[in-house]
Amino acid sequence: MEVKVLSSIKEYQPGPQIPQSIWMTLGLPSRGAMLHDVVREGLPFKFLERIASALQMQRGDISKAICVSPTTMARRAKAGRFNTIESDRFVALIAVFENALTLFEDDVAAATEWMATPVRGLGSKRPLDMMRTRVETEAVIDLIGRLDRTVLV
């Protein structure tokens with residue numbers, strides 16, 4: 001008995017995986033009352049390491065971005081928690097990074113590099129340096145939106 005093998009049958013190749021949200025990766029709610037409560041309470045210090053890992057950034061770069069000096073960082077490590085303002089800046093950084101990931105089609109390395117590079121549309125400032133105020137953060141998110149829709153800046 002002869003067995004015929006069909007040459008038209010191809011090996012199964014799974015499709016691209018749906019990327020997990022940066023918020024899910026960090027174990028944080030992305031919006032709503034739960035996020036508000038977490039920010040008001042202050043993020044636990046352990047989130048610094050999670051954020052650094054997820055964003056592929058150095059802890060020092062993140063602490064500069066959210067305006068936390070090395071001495072304050074040492075105090076936060078001892079206390080085990082960031083204050084409300086610092087937690088709010090962390091959330092802003094994560095939101096900007098989430099938008100950058102969308103712009104760079106979930107390429108974490110490209111998004112991280114863009115965040116650390118001076119951008120003409122931001123007055124030659126690095127997006128990472130514009131996490132200090134809500135106005136600057138919104139300018140970065142606005143620019144990402146314009147770039148994503150290919151609006152010239």
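A full extension of the chain between K125 and T72 corresponds to an added length of 16.6 nm, given 0.36 nm per residue minus the alpha carbon distance. Legend: calculated FRET efficiency, E41 to Q20, from the Cβ-Cβ distance at R0 = 25 Å, rounded to 0.05, equals 0.55.
Close Lys pairs in the chain, defined as Cα atoms under 27 Å apart and 8 or more places apart or on different chains, number 4. In the frame of its principal axes, the range 50-153 has Cα extents of 46, 25, 19 Å, reported largest first. Using a Förster distance of 22 Å, how high is the FRET efficiency between A79 and M34, based on the Cβ-Cβ distance and rounded to 0.05? After rounding to 0.05, the efficiency reads 0.50. The helix-only estimate of mean residue ellipticity at 222 nm for the chain, built from DSSP H runs of length n ≥ 4 each weighted as -39500 (n - 2.57), is -16000 deg cm²/dmol after division by the residue total.
Where a number appears in this text, it was derived from the coordinates with a stated rule and is not lab data. Since this is a predicted model, take the numbers as computed values, not measurements. Reconstructed Cβ throughout: ideal geometry from the backbone, glycine too, with neighbour counts over all protein chains shown.
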